[in-house]
Amino acid sequence: MSFEQLGLSTDLLRAISDQGYVNPTPIQEQAIPVILEGKDVMGGAQTGTGKTASFTLPMLQRLQVHANTSMSPARHPVRALILVPTRELAMQVHDSVKTYNKYSALRSTVVYGGVSIDTQIDIVRSGVEILVATPGRLLDHIQQKTLTLAKVEVLILDEADRMLDMGFLPDIKQIIQLLPEHRQNLMFSATFSPDIKKLASKLLHNPVLIEVAKQNSVSELITHVVYPVESAKKQELLVRLIQQENLQQVLVFTRTKHGADRLAQRLNRHEITSEAIHGDRNQLQRTQALDNFKQGQIRVLVATDVAARGLDIEELSHVINFELPNNPEDYVHRIGRTGRAGAKGFAISLVSKEENSLLVDIEKLLGIKIKSEQISGFELKETSVNDSKKSAPSEEQRTKRGGLSKQNKKTNSFVKHGEKVIHFNKEGMTRNTKRANNKADDPLFTQPYISKYADVNALIDESSELNKKPNHRQLSKRPVPALFISPATNKQKKSEAS
Ligand code: AMP
């Protein structure tokens, strides 16, 4: 299918062609016509699938009737509100809006916290039709009466799952109260947790459920590799991998901000230019680090999960998990930085013995067994009797315990190669079934976002739209990242829906 067949205007087609896009991605193909019709959408997609254009393009087309060149702010009320969880994503989404809106007179801007509100106020006051915002800063503007949401026609919640993770729900509820009742609602989420389904059921009216449901798309595009290694040798192994493979642009994930800083310093000492990006760095530092990385001035960007959320870095070939995330869903978010828009990518994980239960959970979620490789000099030491309980599971055990489906077993065989194959200790294996619930040691996780507008619950009327019974089709019961929905889950959903 071509973009022309989707019913987009010539100005938008021109902007798309300027970008060099030839064909719409699957989510664009499915979402654009539906959004153009004015329907609500629940989109199951993560970054890297082309989802930003999938909602931005039809949104711009629908707002085109309002485009005008008047200097009067009153002629440019906010018509589309795009809520996003992080500053970085806000900037990126706004960049996309500008890209696709370049041949139109519609105005847009972005507001997010962590920077002075004053310059934002001037732009917002002059009138914009499209506003990209993080929830807290948007409420700051509303409190200062710099903008009103009374004319909003389209509400878009991007990365809704992460917004809930970050504690934005009270702010979102309050914002929704300020919107006109009659509007189009679009919600995008990489995962369908019960909380997301609850929010969707209250927010969306007869939504069309659109998922990027190619369960194999990740395994086709992204090569996953695990390097079992002692924790103490991880830094050395990382340096070796980067140098040996001559990697020029690598996004490395750590669990803690201190860990990110330490690792960046260590890499720099090995003349591998790198910077850290995490919640303790101010906006300027974060933007600068990201720009340096995008422009190739540094080879490695070391990031925590929250800071890296939604980062769109073109042609990023390698994501390295220096430490596995506590929540398997975060693995999906992390590797979403690579293998984007059809490009090939590598997701490499350095896994210590202590992290094996996390690896099992990730494999279970993905429905694949991740191949394991080893580099000479970094072999795992033979496990002693005393710590055998913590030892790594065998492939067989990982398969069983991971509960992989027969189909996956067949289609994703466990390939081993490299200098030496690792033999996991099979004795005394116990799987740590207690999955760590604590989020990464990032202030955005450890100190949940507390809304400044704490009294919001009192403001939400029980009879409000948010509390009405849903009348749209049910979403699936199990939280599954959109990219990994198995055919079985799809079938189940269809039968639930019918
Ligand atoms: P997103 O999922 O919105 O973060 O987009 C991921 C990347 O894909 C961005 O760099 C987009 O510029 C790019 N992209 C979006 N749509 C297309 C398309 N139809 N063809 C090629 N690249 C695209």
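The values are calculated or read from the model by the stated rules, or taken from the named source; none is laboratory data. Source: prediction; values computed, not measured. Cβ coordinates were reconstructed from backbone atoms using ideal geometry, including for glycine residues, and neighbour counts include every protein chain displayed.
Name the residues in the range 114-129 that are in contact with a Leu (Cβ under 6 Å, 6 or more places away or on another chain) and either surrounded by fewer than 19 Cβ atoms within 10 Å (Cβ to Cβ) or of a type in the set (A, V, I, L, M) (or both), would you? Give the derivation first.
Of the residues in the range 114-129, the ones in contact with a Leu (Cβ under 6 Å, 6 or more places away or on another chain) are 124, 129.
Matches in the range 114-129: Val124 only.
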Any chance Leu36 is in contact with a helix residue (DSSP H, G or I) (Cβ under 7 Å, 6 or more places away or on another chain) and at pLDDT 95 or above: yes
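If only one of Leu131, Leu89, Leu81, Leu155 is modelled with pLDDT under 95, under 21 Å from the mean Cα position of the chain (by Cα) and among the hydrophobic types (A, V, I, L, M, F, W, C), which one is it?
Numbers: Leu131 fails: modelled with pLDDT under 95; Leu81 fails: modelled with pLDDT under 95; Leu155 fails: modelled with pLDDT under 95.
The conditions single out Leu89.
Considering only residues that are of a type outside the set (Ser, Thr, Tyr) and touching a helix residue (DSSP H, G or I) at 6+ places or on another chain (Cβ under 7 Å), look in the range 254-266 and name the one that is surrounded by the most Cβ atoms within 10 Å (Cβ to Cβ).
At the first step, the residues of the range 254-266 found to be of a type outside the set (Ser, Thr, Tyr) are 255, 257-266.
Okay, now just the ones that are also touching a helix residue (DSSP H, G or I) at 6+ places or on another chain (Cβ under 7 Å), so 263, 266.
Values: Leu263: 23, Arg266: 16.
That would be Leu263.
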Selection from the range 1-33 of residues that are of a type in the set (A, V, I, L, M), modelled with pLDDT under 90 and surrounded by 18 or more Cβ atoms within 10 Å (Cβ to Cβ): none
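Pick from Phe346, Phe378: which is touching a Ser or Thr at 6+ places or on another chain (Cβ under 6 Å) and modelled with pLDDT of 85 or more? Can you show your working first?
Values: Phe378 fails: touching a Ser or Thr at 6+ places or on another chain (Cβ under 6 Å).
So the residue among Phe346, Phe378 that is touching a Ser or Thr at 6+ places or on another chain (Cβ under 6 Å) and modelled with pLDDT of 85 or more is Phe346.
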Criterion: more than 16 Å from the ligand (Cβ to nearest atom), touching a residue at least 24 places away in the same chain (Cβ under 8 Å) and surrounded by fewer than 22 Cβ atoms within 10 Å (Cβ to Cβ) - qualifying residue of Ser104, Ser70: Ser104
Subset tally (residues that are out of contact with any strand residue (DSSP E or B) (no Cβ under 6 Å at 6 or more places or on another chain) and polar (S, T, N, Q)) for the range 365-381: 2
Residue match in the range 86-97 (condition: basic (Lys, Arg) and over 28 Å from Gly20 (Cβ atoms)): no
Matching residues, the range 47-67, being surrounded by fewer than 24 Cβ atoms within 10 Å (Cβ to Cβ) and either within 11 Å of the ligand (Cβ to nearest atom) or farther than 26 Å from Ile123 by Cβ (or both): Thr47, Gly50
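Please note which strands (runs of 3 or more DSSP E) are completely contained in the range 142-217 and include at least 3 residues that are within 23 Å of Val78 (Cα to Cα) and either without any contact (Cβ under 8 Å) to a residue 24 or more places away in the chain or in contact with a helix residue (DSSP H, G or I) (Cβ under 9 Å, 6 or more places away or on another chain) (or both). Step through it out loud before you land on a result.
Numbers: elements: 154-157, 184-189, 208-211.
Output list reads 154-157, 184-189.
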Scope the range 73-95; condition over 15 Å from Gln184 (Cα atoms) and more than 16 Å from the ligand (Cβ to nearest atom); matching residues: Pro73, Ala74, Arg75, His76, Pro77
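Kindly indicate the residue of the range 27-36 that is touching a residue at least 40 places away in the same chain (Cβ under 8 Å) and touching a Gly at 6+ places or on another chain (Cβ under 8 Å) and also farthest from the ligand (Cβ to nearest atom) among those meeting that condition. Walk me through how you get there before you give the answer.
Let us first name the residues in the range 27-36 that are touching a residue at least 40 places away in the same chain (Cβ under 8 Å), namely 27, 30-31, 34-35.
Filter once more, so that each one left must be touching a Gly at 6+ places or on another chain (Cβ under 8 Å): 27, 31.
On the way: Ile27: 8, Ala31: 11 Å.
Within the range 27-36, the match that is farthest from the ligand (Cβ to nearest atom) is Ala31.
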First in the range 13-26 and within 26 Å of Glu211 (Cβ to Cβ) and more than 7 Å from the ligand (Cβ to nearest atom), second anywhere and part of a loop (DSSP other than H, G, I, E, B) and among the polar types (S, T, N, Q), Cβ under 9 Å, 6 or more apart: Pro26/Thr49
